[in-house]
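Asks: The following block contains the structure, expressed as structure tokens.
The values are calculated or read from the model by the stated rules, or taken from the named source; none is laboratory data. As the structure is a prediction and not an experimental result, all values here were calculated from the model. Cβ sites come from the backbone with ideal geometry, for glycine too, and all protein chains shown count toward neighbours.
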Ligand code: GLN
């Protein structure tokens with residue numbers, strides 16, 4: 001599909017390897033980004049799931065907040081999955097007191113929204129822009145998207161809550177497509193990257 005497109009995967013903590021494999025399965029050049037200068041030449045970036053507080057602290061240590069905001073201003077598409085969606089959000093509900101995010105996307109995200117009893121589950125999702133059978137949603141101590149601004153398009157809901165949304169070159173999913181072997185949302189993101 002997009003042989004000449006390079007997409008970075010933020011590789012500080014969490015499920016970054018699975019995203020790299022998913023991109024490579026689509027024929028996309030994928031780069032594990034550990035330092036901001038590795039963003040050079042990447043048209044898109046995935047912030048993986050993991051632990052948003054841990055990823056956020058490492059982002060501070062390595063100078064990723066400024067670098068990613070600048071890269072996005074200059075046209076980079078960014079997709080956050082689960083913890084990554086938290087890191088994109090303008091506002092986090094149930095955040096740790098000093099938790100910092102990129103504040104790029106006009107969404108309010110509630111951390112660990114499903115509580116302990118059902119903290120991990122799978123659900124079939126209808127996702128806007130993703131054709132065919134329902135998408136297998138894998139939720140692991142997931143947040144949900146509690147509020148969306150006027151320029152945010154809701155792509156999928158589950159139980160009345162938004163679980164996937166897009167705003168311009170930003171994509172947020174509260175579930176983990178990289179753990180399913182289903183390449184459709186990676187393909188959808190790569191199309192955004194190519195189109196931006
Ligand atoms: N609960 C985690 C957090 O707050 C997110 C979990 C995940 O990414 N699977 O960062």
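Asks: Any residue in the stretch 53-64 that's within 13 Å of the ligand (Cβ to nearest atom): show its pairings with residues that are part of a helix (DSSP H, G or I) at Cβ separation under 7 Å, as long as the two are six or more apart or on different chains.
Replies: Between residues of the stretch 53-64 that are within 13 Å of the ligand (Cβ to nearest atom) and residues that are part of a helix (DSSP H, G or I), the close pairs are 55/83; 55/87; 56/87; 59/65.
Asks: With respect to residue 48, is the statement that it is more than 17 Å from residue 5 (Cα to Cα) and buried (at least 18 other Cβ atoms within 10 Å of the Cβ) true? Please lay out each step first, then the result.
Replies: On the way: more than 17 Å from residue 5 (Cα to Cα): yes; buried (at least 18 other Cβ atoms within 10 Å of the Cβ): yes.
Spelling it out, residue 48 is indeed more than 17 Å from residue 5 (Cα to Cα) and buried (at least 18 other Cβ atoms within 10 Å of the Cβ).
Asks: Also, quick follow-up: Does residue 148 satisfy the condition of being in contact with a strand residue (DSSP E or B) (Cβ under 7 Å, 6 or more places away or on another chain) and either within 16 Å of the ligand (Cβ to nearest atom) or more than 24 Å from residue 44 (Cα to Cα) (or both)?
Replies: no
Asks: Given the structure, is residue 163 within 15 Å of the ligand (Cβ to nearest atom), under 18 Å from the mean Cα position of the chain (by Cα), in a strand (DSSP E or B) and farther than 16 Å from residue 105 by Cβ?
Replies: For residue 163, the condition - within 15 Å of the ligand (Cβ to nearest atom), under 18 Å from the mean Cα position of the chain (by Cα), in a strand (DSSP E or B) and farther than 16 Å from residue 105 by Cβ - is not met.
Asks: Okay, moving on. Can you find a residue that is part of a loop (DSSP other than H, G, I, E, B) and either modelled with pLDDT under 95 or in contact with a helix residue (DSSP H, G or I) (Cβ under 7 Å, 6 or more places away or on another chain) (or both) anywhere in the stretch 149-157? Show your work before the answer.
Replies: First pass over the stretch 149-157, keeping only residues part of a loop (DSSP other than H, G, I, E, B): 149-152.
Cutting the leftovers down to either modelled with pLDDT under 95 or in contact with a helix residue (DSSP H, G or I) (Cβ under 7 Å, 6 or more places away or on another chain) (or both) gives us none.
No: the stretch 149-157 contains no residue that is part of a loop (DSSP other than H, G, I, E, B) and either modelled with pLDDT under 95 or in contact with a helix residue (DSSP H, G or I) (Cβ under 7 Å, 6 or more places away or on another chain) (or both).
Asks: Here's a check for you: in the stretch 71-100, which residue that is in a helix (DSSP H, G or I) and more than 9 Å from the ligand (Cβ to nearest atom) is farthest from residue 55 (Cα to Cα)?
Replies: By that ranking, first place goes to 73.
Asks: Which condition from (1) within 13 Å of the ligand (Cβ to nearest atom); (2) modelled with pLDDT under 95; (3) touching a helix residue (DSSP H, G or I) at 6+ places or on another chain (Cβ under 6 Å) is the one that residue 138 breaks?
Replies: (2)
Asks: For the stretch 104-130, which positions are assigned to a loop (DSSP other than H, G, I, E, B) and either buried (at least 21 other Cβ atoms within 10 Å of the Cβ) or more than 16 Å from the ligand (Cβ to nearest atom) (or both)?
Replies: Hits for the stretch 104-130 are 104, 126, 127, 128, 129, 130.
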